[in-house]
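J.: Take this structure first; my questions come after.
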Amino acid sequence: MRTPAYGKAWPPEAKRLWRDIHQAFDVQTDQKEVLRTGCDCLARLYQARDILNREGLTFTTESGQIRQHP
């Protein structure tokens with residue numbers, strides 16, 4: 001059985017999760033939406049992690065004050 005298409009913008013970890021679950025289980029239509037949402041969340045988690053690793057938890061304003069990163 002062919003694995004259904006996944007989000008093209010997903011990181012490799014989310015794509016692998018999608019593929020592995022489809023290969024291991026007979027995923028039904030309603031379950032695919034739950035899995036897709038989980039993979040979307042995983043993608044956002046990795047995106048947020050990368051931004052925080054690159055930019056840090058805080059930033060310095062033009063006036064020199066340290067603020068929490070939005």
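The values are calculated or read from the model by the stated rules, or taken from the named source; none is laboratory data. Just so you know, these numbers come straight off a predicted model, no measurement behind them. Heads up, the Cβs are rebuilt from the backbone with ideal geometry, glycines too, and the neighbour counts pull from every protein chain shown. Ligands, DNA and RNA are stripped out before the accessible areas are found, and what is left, the full protein with its side chains, is counted by its heavy atoms. Shrake-Rupley method; radii C 1.70, N 1.55, O 1.52, S 1.80 Å.
J.: Go through the stretch 27-58 and give me each residue that's outside any helix (DSSP H, G or I) and either within 14 Å of residue 70 (Cα to Cα) or basic (Lys, Arg) (or both).
T.: Correct list: 56, 57, 58.
J.: If you check every pair at least six apart or on different chains, which have Cβ atoms under 9 Å apart with a residue in the stretch 46-68 that is without any contact (Cβ under 8 Å) to a residue 40 or more places away in the chain first and a residue that is basic (Lys, Arg) and open to solvent by 90 Å² or more (accessible area, probe 1.4 Å) second?
T.: From the stretch 46-68, the pairs are 58/67; 59/67; 60/67; 61/67.
J.: A follow-up question, please. Of all residues in the stretch 1-14, count the ones that are open to solvent by 50 Å² or more (accessible area, probe 1.4 Å) and not in a loop (DSSP other than H, G, I, E, B).
T.: Residues that pass the stated criteria total 2.
J.: Still on this structure: Pairs needed: first member in the stretch 7-19, more than 13 Å from residue 38 (Cβ to Cβ) and of a type outside the set (Val, Ile, Thr); second member anywhere, open to solvent by 30 Å² or more (accessible area, probe 1.4 Å) and in a helix (DSSP H, G or I); C-beta distance under 6 Å; at least 6 residues apart or different chains.
T.: 11/46
J.: For the stretch 33-63, what are the residues that are small (Gly, Ala, Ser), surrounded by 13 or more Cβ atoms within 10 Å (Cβ to Cβ) and under 12 Å from residue 11 (Cβ atoms)?
T.: Selection gives 43 alone.
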